[in-house]
Amino acid sequence: MKQILQNLKDGSTVLADVPRPYAGRRQLLINTHATLVSAGTERMLVEFGKGNWVQKARQQPDKVRMVLEKMRTDGVAATMDAVRSKLDQPLALGYCNVGTVAGVGEDVTGFSVGDRVASNGKHAEAVVVPENLCARVPDAVSDEAASFTVLGAIGLQGIRLVNPTLGECVVVTGLGLIGLLTVQMLRAQGCRVLGIDLDPERLALAERFGAEVMNPGAGEDVLARGEAFSRGRGVDAVLITASTRSNEPVRQAAQMCRKRGRIVLVGVTGLELSRADFYEKELSFQVSCSYGPGRYDPDYEERGQDYPVGFVRWTEQRNFEAVLDLMASGAVDVDPLISHRFSIDDAADAYDLLASDEPSLGILLEYQGAADDERASAIEAPTGRIETGARTVQLEANTAAPARGDGSAVRVAFLGAGNYAGRVLMPAFQGAGAIMHTVVSNGGVSATHYGKKFGFQHASTDIEATLADDTVDAVVVATRHDAHAAQVLEALRAGKHVFCEKPLCLTREELTEIEQETRARPGQRLMVGFNRRFAPHVVRAKELLARVDAPKSVIVTVNAGAIPADHWTQNAAVGGGRIIGEACHFIDLARHLVGAPIATHGAFSLGPHAGVEVTEDKATIQLGFADGSQATIHYLANGHKGFPKERVEVFAAGRILQLDNFRRLRVWGWPNPRRARLWRQDKGSKATPAQFLEAVRHLGPDPIPQGELIEVSRTAIEVAEDVR
């Protein structure tokens, strides 16, 4: 299917052929009829992409500081690789979509195949959208009108925060699409409206919708006009829907308002506020967050947990419905807002227009194939799926890794195409000689991008078909943590060798099932991406420690960095929490350096302290080993970013070994050399897939004995339970 993608590196916009997505739990699969280009947001993204490195840095100073800190700790080369990888990832554009429901995921309620819906779906022939971000379109509303729903909801949420009453005078500063929709909704609510903009055509439209207008660019005095508009009392409220770096819109709003007036920022402006302007009038100022309550809340958007209407009357979905109702009644008219129409095949022309100086307002993208056939199919099969487009697409053949002459070529499929998979695992497997067969991702965009970049033969959204493909020898599981166990088991049962990026699983029950499955399949290799044990300095350290016949004391200090409590990795059911999801690396590293089974374990989280949330990412883990060795792992998220992330120290038999951030190794008590330093950080990320592929090719022993994999995974799960 066709989808519009943008390259953040150079700002180019392409119409890509990507696999068709599928509806997961609480999601709808939608065949698109029309989408609307959001002039403000999408123009900003295009301009950012076309900027050079200096221009990009100026627009994101906070990101520049993060890059500089990473350079100091991880080195220039590793940092630049990370930055290039981030900019290399394609961005799926668009968030104003209308189409027909073609598939309904598990646990969806209130929608059926054949429903016409508006959503925040991308510019693509088919999209998958959570049910709480969709609203059914009334029959009286056309596809073109419905494509304005999301922008209307953004304006409506600003209005709800202003909370105007009948007859109040409200100023709307900035008459783009959102501003003009806001004018109409305020008029429908019985407000007097003054629209401010520099564009005469947009001012004329606002006047047509019943607003009074003024143009500062024509020499009109904004404050004097506001005074006259409010009959000398000061305006009741100001909605700023403009996009500018200037502080002037906020300053003018404060000076126009009456005492205890309200100002809501819907757009983007400078925010250097004058305290005197706000203090003397006791003004309220608020920034509006997108479509309404529920936005950016994963429980609402991803997991479908609606807010009780008695407590949250207007969620983002209910705002969608309210906008559509206004359109159906005729209170909101979007036809005058449409300036251009393009076929999806001519999307490049639409974005050239957007980036040009040619005047434009509402740019519609139309999708051929149309609604009539889809609606007819839905009527014939109301409980089925309307499938248009393949879930697997053919990419260019992989010429980078030809089949080996000894017949030991390994054809690899990737499940998951996220940042780590694309930046680290895929180049490592390709560099180690794997034949890159298929890459699978939920939406298909990242699968297509990385598939082309690393020479995969296919990009897909179909896990089942990939696992059933007899030509696939090995599977790399690089999806979200909660999917690992099920996908590992499915791959093993399909007869594949499996490389699972950590963690192997999240629960004891999952681990028991995997352990039983691997025991029943001694001919299949299973490996977890515990890459630290394969780092060059760790390999050298292990060689040195092998000469020490005495218990060892291992101290691992991890400056893990803070992650928001609502991030998916912190969710025990999704990411497993940070001990299972990341600290497992260091449990494995200690187990490897000691070389003896873990006999005991305990863990202590940081206790109650002012300003510190008690979570498992601030903990000390104690391990006791069968040979009398001990390990202490300080896994801490409350440190400073400028401090190196990982340090390992080993004390044994009068000798000391110290590894700093996988770049510098120092030893005391061993003969020369006493130190070794790498030009760039190496955590063993390349060596780990190479070891796995070698074991698969020759059916040799597991690079990490499966008993150790199970032991480390079980310890991580139990340690996390101890902390909780």
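Computed from the coordinates by the stated procedures, all read-outs in this text should not be read as laboratory data. All figures in this text were calculated on a predicted structure; none of them were measured in a lab. Don't worry about glycine lacking a Cβ; one is built from the backbone with ideal geometry, like all the others, and counts go over all protein chains shown.
Here are the numbers for this structure:
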item	result
Tail weight of P(r) past 31 Å, computed on alpha-carbon pairs of the stretch 532-723, percent	18 percent
Positive-end residue, the chain charge dipole about Cα centroid, Cβ charges, pick of Asn120, Ile563, Tyr450	Ile563
Value at 222 nm in deg cm²/dmol, rounded to 500, when DSSP H runs of n ≥ 4 in the chain each add -39,500 (n - 2.57)	-10000 deg cm²/dmol
Mean Cα-pair separation over length for the stretch 149-280, i.e. relative contact order, pairs under 8 Å, 6 or more apart, %	24 percent
Per principal axis, descending, Cα span of the stretch 461-550 in whole Å	49, 28, 27
For the stretch 286-330 versus the stretch 180-233, the gap between their alpha-carbon centres in whole angstrom	27 Å
Normalised contact order of the stretch 392-529, rounded percent, pairs of Cα under 8 Å and 6 or more residues apart	23 percent
Contact order normalised by residue count of the chain, Cα under 8 Å, 6+ apart, percent	12 percent
Inverse mean reciprocal Cα-Cα distance (Kirkwood Rh) of the stretch 392-529, Å	14.9 Å
P(r) tail fraction, the chain - alpha-carbon pairs more than 35 Å apart, %	53 percent
Surface/4 of the Cα convex hull for the stretch 521-631, nm²	9.5 nm²
Local electrostatic count at His123 - Lys and Arg +1, Asp and Glu -1, tallied over other residues with Cβ under 10 Å	0
Backbone HN-Hα couplings from phi across the stretch 496-507 [Karplus 6.51/-1.76/1.60, Hz, Gly and Pro as x]	9, 6, 10, 10, 10, 4, 4, x, 5, 6, 10, 10
Fraction of alpha-carbon pairs over 15 Å apart in the stretch 142-229 - percent	57 percent
Pairs from Lys641/Lys683; Lys452/Lys618; Lys9/Lys641 whose Cα-Cα separation, in the structure shown, is over 29 Å	Lys452/Lys618
Cβ-based charge dipole, the chain, positive-most Cα from Val723, Ser441, Leu151	Val723
Rounded to the nearest 20 debye, dipole of the chain from Cβ charges on Lys, Arg, Asp, Glu	3280 debye
For the stretch 646-662, 3J(HN,Hα) per residue [Karplus equation, 6.51 cos²θ - 1.76 cosθ + 1.60, θ = phi - 60°, Hz, x = Gly/Pro]	9, 9, 10, 10, 10, 10, 7, 6, x, 10, 9, 10, 9, 10, 10, 6, 6
Assigned charges on the beta-carbon of Lys, Arg, Asp, Glu; the stretch 160-266 dipole about Cα centre (debye)	500 debye
Estimated vicinal HN-Hα couplings, Hz - the stretch 573-579 in sequence order (Karplus 6.51, -1.76, 1.60; Gly, Pro = x)	7, 10, x, x, x, 7, 6
The chain - share of DSSP beta bridges that are antiparallel (%, nearest 5)	55 percent
nm² value of the averaged projected area, convex hull over the Cα atoms of the stretch 151-287	7.1 nm²
Packing rank of 425-436, 209-220, where each peptide gets the mean count of other beta carbons within 10 Å, highest leading	425-436, 209-220
Extreme residue, positive dipole direction of the chain, given options Thr173, Ala573, Ile4 (C-beta unit charges)	Ala573
Around Leu492: net Lys/Arg minus Asp/Glu count, Cβ-Cβ under 9 Å	+1
In the stretch 444-545, GluC sites (Glu not before Pro) in a DSSP loop with at most 14 other beta-carbon atoms within 10 Å	none
